[in-house]
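Structure first, commentary second.
All of the numbers you see were taken from the coordinates with simple rules; none came from a lab. Remember, it's a predicted structure, so these values are computed and weren't measured experimentally. FYI the Cβ positions are ideal-geometry reconstructions off the backbone, even for glycines, and counts take in every protein chain you see.
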Amino acid sequence: MRPLDPRLLREARPARRFLAASVVLALATAAAIVAQAALLGHVVAGAFLAHRGLGELAAPLLALAAVSVARGGLAWAFETGGSLAAAGTVAALRRRVLAHLVSARPGGLGDLHAGEVAAATVDGAEALEPYFARFLPQLVLGAVVPPVLLGWIAVRDLTSAVALAVALPTIPVFGILIGRGAEQATERRREALARLSTHFLDVVRGLATLRAYRRGAAQAEAIARRTDELRRGTMATLRIAFLSAFVLELAASLGTALVAVEIGIRLTRGGVALEPALAILVLAPELFLPWRNGAVQFHASADGLAAARRLLELVDLAPATTAAGTGAAPDPALAPLRLERVSAAYPGRGRVLRHVTLELAPGERVALYGPSGAGKSTLLALLLRFLDPVEGRILVGRDDVLAADPDAWRRRIAWVPQRPLLEAGTLADAVRLGRPEATDAEVGAALAAAGAPELARRLDVRVGPGGVSLSAGETRRVALARGFLRDAPILLLDEPTAHLDDASAVAVLEAIAALPRRVSVLVATHDPAVLHVVDRALELRDGRLRALPCEEVVAA
């Protein structure tokens, strides 16, 4: 990634505003530096050559003090403004990435690794703060200050200006040469961090399985290897950063020394006056300082640039659903929902559904029966607009669902996934996910309808991470209550009795059977017991759908 990437700035509006203000601050800083050097040369020359007293030099000394204070204030404005712009930019970029992920992968991350995405959006975005807070201000200073100083020096002493102009490019040349190695080392470090984050998250998720199979020690060793890989990458990046600081400091010192020697020789021969010579000597290190600091800050923000590359890749992620209509969503309570010769596929897997035709009448209960991997969840994903069909149509009456706004259509559907998740919060918050404005009485009624009246008396209990751990049956019933509370005309249930004991499964089935007839229900399942609470069953096998008499499954 280039040091100043237009794409990154387009995604960072707060940084653009700060950059515009930085140009004004940089011009003021350049003027303050020139004034400080000129006043210092005037005071020293006046004291040593003209033998002026303190009273005569009082005005220049007060002006010099005022300029020094002003320069300190400008530096403070740069630092404070950069920090505020960085905080706003990081927050805006996080929102942009997460909003795009939600719209591009509404059904889940798919081929993305959760650990890598988390590392990029949390630690990676945080690493961008030095880039916006310190590197970009130095980049603006480097673009404004050296030309102003060189112009002022050229007016007073062309020879010194030429010498400085020859020495100055050594800073960016060395910076670019070292920066290429730093970029490669930083990218390797970012990849090592992503692998460690992904591996660690997988291990945490599977702790129970690892302990059951006595693989905890082996995974601890694997985590240690990943950590050591990250340590080596970090140390390689630091070595390059230290080398960069040494080389750039050496180049700046040699350039300043070159001008000092040249001015000293001409001073002894009377080729230059003392006052401008002193001012030029003061300005010489100031000339190199913005570019030297910019190169140092570039290395300090290299992690952020590497993370920004990944963040922009996430922003460019191709959406899983491309047919984003804008029309009003048809009402499935007024007309049947139909799939007409619909086929679906995933990248690298080929077709999962082949020419599926299905009709769900208002108020009807249909079971989608079949083994795991048959495509049941894919069919539900099509109805939820989490996935686009590769061919065929999804209709409500004569209205094409793909022409409707996806969010408006999803408001017509309540969905209970196969593995429901409870976010950190109260039990009432978990149930209200589908209808935040619901009252406690409505939440309690939904829990009672889902076969969990005892949970209705514990609405203030905290659940999810850091809260009370609910059993699988309780979690499934909370998810059912969430779907009931939404009160949508279509209810999609994905394996509602999977991994439940007999008593919990019976309670869930009774809750489905007690649903009002105004709700159409489509249940994806491989549990024959579900077929007792539906009107008809369809078998999905090898991506194809056929009618299935319930007696055939029960007998099998």
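Data table
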read-out	value
Extension reserve of the SER103-THR159 stretch, reckoned as 0.36 nm per residue once the Cα distance is removed	14.0 nm
Degrees between helix 472-486 axis and first principal axis of the chain (Cα, 0 to 90, nearest 10)	90
For region 197-249, Kirkwood radius (reciprocal of mean inverse C-alpha pair distance, Å)	13.2
Added length on full extension, which subtracts the Cα-Cα distance from 0.36 nm per residue, VAL506 to ARG205	105.5 nm
Between 0 and 90°, nearest 10: helix 502-513 axis offset from the chain longest Cα axis	80
Added length on full extension, which subtracts the Cα-Cα distance from 0.36 nm per residue, ASP123 to ALA92	9.7 nm
Per-residue HN-Hα couplings for region 456-462 [Karplus 6.51, -1.76, 1.60; θ = phi - 60°; Hz; x = Gly/Pro]	5, 8, 10, 5, 8, 5, 7
Phi-based couplings in Hz for region 63-69 (Karplus 6.51, -1.76, 1.60; Gly and Pro marked x)	5, 5, 5, 5, 5, 5, 5
Built amide H within the under 5 Å cut-off of TRP415, gap 5+	LEU492
Whole-Å semi-axes of region 381-424's equivalent ellipsoid (Cα gyration tensor)	24, 12, 9
Global form of region 388-481, assessed from the alpha-carbon gyration tensor, a/c cut-off 1.5	prolate
Label-point gap, in nm, between ALA20 and VAL315 - each point 7 angstrom along Cα→Cβ	1.8
Cα convex hull of region 337-555, projected area averaged across orientations, nm²	12.3
Coil-residue trypsin sites (Lys or Arg not before Pro) of region 444-550, DSSP, other Cβ within 10 Å capped at 13	ARG517, ARG518
Relative contact order [Cα under 8 Å, 6+ residues apart], region 6-315, whole percent	32
Principal axis dimensions, the chain - Cα atoms, whole angstrom, descending	113, 48, 47
Rounded, prolate or oblate (a/c below 1.5 giving rounded, otherwise prolate when a/b exceeds b/c) for region 6-315 by Cα gyration tensor	prolate
Amide hydrogen neighbours beyond the local backbone of THR426, cut-off 5 Å, H modeled	VAL463
Region 220-271 versus region 415-456: alpha-carbon centroid distance in Å	59
From the C-alpha gyration tensor of region 36-83, square roots of 5λ in Å	30, 10, 5
J(HN,Hα) series, region 193-210, from Karplus relation 6.51 cos²θ - 1.76 cosθ + 1.60, nearest Hz, glycine and proline x	5, 5, 5, 5, 4, 5, 4, 4, 5, 4, 5, 4, 5, x, 4, 4, 5, 5
The chain: antiparallel DSSP beta bridges as a percent of all, rounded to 5	50
Modelled FRET efficiency - R0 45 Å, ALA63 with THR234, Cβ distances, 0.05 increments	0.40
